[in-house]
Structure formats: C-alpha cells, structure tokens
Amino acid sequence: MIPFQPQVPEGSSLSVLAIGAHPDDIEIAAGGTMLTLARRHPGLTVRYVLLTGTPERQMEARVAAQAFTQGADLSLELHDLPDGRLPAVYGQVKEVLEGVARQFKPHVILAPSPRDAHQDHRTVGELVPTAFRDQVVLSYEIPKWDGDLGQPNTYVPLTSQIARSKVELLDKSFPSQTGRDWWGEDTFLGLARLRGMECRARYAEAFTCTKLVLA
C-alpha cells in the first residue's frame, strides 16, 4: 500500500467537489471520507453538486451535506433533472458540470464511476473527466441490486467511530430511504469492512483513480 496525500499549496486549504446523480449517492459512497476530511482538514472547502431530486429529497440532501461536512465551508448546487433519465439529457448534464468547472478548481473530486451499472451514475461518471482535466478524480462505488462492485485501487481507511457515525447519519438524513430492503447497517458496514480488509484497516471506503500525476 502506498500512502498518498493531495498537494495543497502552502497557505491554502483542501477543497473537495462532491458530485452525485441523486441525493444520498455521495453519502452512501463517500460519507466516511467526507467525515474524515472534515475532521482532519480545518478550513476544508466542500462543494456539493446534485443532478436530480424532488424538493423532499433535496431537503434531505441539504441536511446530509451539513451533517457530513461539519465545520467545512460548504456550498450546494441542486438540480432537478429527470431521475433515471440522465442519458436522455446528456447535454444538460454536461452543461452543469462544465459550469461548475469554470467556477471551481478543487484539489479532489468525488464522483460516480463511469463503469457504474446505473445509467444516471454512469452518465455523470463519463462526463466528469471531460469537464475536469486537472484534478484528482476519485470514482466512488455504490452497492446496489445490479451487483456492479469492481476492483478499486484507492482506499480511505475509516475508524470504527467514523464508520458507525456514517451509518447513523445516513439513517437520520434520509428517512425516505430507510424502508428499502437494501438499506441498513449490515449493507454499509459490510462493504466498509470488506474494503477495510483490502487495505489493512478495520473499515474503509474504496474508489478508482484512472489518472494520477506524482509530482
């Protein structure tokens, strides 16, 4: 395992762009990472961008973003593109992402994987590298019925406290989802334990990084 830290210019704070196709994508996939970064990096800047969501779901997303980034300088950009139909509005998704890229130059981007089986996730994941060419992009994974979990190559170890806090905050932030048969502690902690084993930690979240320049 090779530890790596993003390069942050002296006098600057770490900045993160978190992109989700739907409310809860970011927190399910990278909630532990966000909690860890918020605790380790005073002055952290976080920008959330969500492509879909009803008013109810967007309210949940606001609550979740605040909970998972406590102490960070947080901004949210919420859109209401058609859920489940992002391939049909490919151009609009691209415009949103390119608009963000013109305004914000983060050190790290958390985004869906271009290999995700869900069409909305996959569309966003395919477009992120075309809009952001000078940032480290970490493609996250989301457990789902489709069974598309792959072989990640980048890990963020989580303490037991962080892993369990993530699960608690997911339940509190997204009450509309808690009745789903796949939602629950066993799913979230089970995957985190597996990824932790792969990087010699108790728990972890895993990502894929397809391009990285070591300076």
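Read-outs throughout are calculated quantities, based only on the coordinates presented, and are distinct from any laboratory measurement. For clarity, every value in this text was computed on a predicted model and none was experimentally measured. When we count neighbours, we look across all protein chains shown, and the Cβ atoms used for this are built from the backbone with ideal geometry, even at glycine.
Before moving on, here are some points about what is shown:
- The helix-only estimate of mean residue ellipticity at 222 nm for the chain, built from DSSP H runs of length n ≥ 4 each weighted as -39500 (n - 2.57), is -13000 deg cm²/dmol after division by the residue total.
- Mean Cβ count within 10 Å, highest first, over the residues of peptides 49-56, 172-179: 49-56, 172-179
- Packing around the peptides 106-116, 186-196, taken as the average count of other Cβ atoms within 10 Å per residue, puts them in this order, highest first: 106-116, 186-196.
- Percent of alpha-carbon pairs separated by more than 13 Å within the stretch 1-61: 68
- Within the shell defined by Cβ-Cβ distances under 15 Å, the residues around Thr130 carry a net charge of +1, with Lys and Arg each +1 and Asp and Glu each -1.
- Comparing Cα centroids, the stretch 192-215 and the stretch 117-147 end up 16 angstrom apart.
- Under the combined filter of DSSP loop state and at most 16 neighbouring Cβ atoms within 10 Å, the stretch 2-93 retains these trypsin sites (Lys or Arg not before Pro): Arg85.
- Sites Lys94 and Glu10 - FRET efficiency at Förster radius 35 Å, r taken between beta-carbons, to 0.05: 0.50
- Residue exposure sequence - Lys166, Lys105, Lys211 - by fewest surrounding Cβ within 10 Å: Lys211, Lys105, Lys166
- Binning the C-alpha pair distances of the chain at 10 Å intervals from 0 yields a P(r) profile of 8, 36, 41, 14, 1 %, listed from the shortest bin outward.
- Rg and Dmax of the stretch 112-203, both derived from C-alpha coordinates alone, stand at 14.5, 40 Å.
- Chymotrypsin sites (Phe, Trp or Tyr not before Pro) within the stretch 1-69, DSSP loop, no more than 16 other Cβ atoms inside 10 Å: Phe4
- Check: the chain dipole with +1 on Lys, Arg Cβ and -1 on Asp, Glu Cβ, in debye: 580
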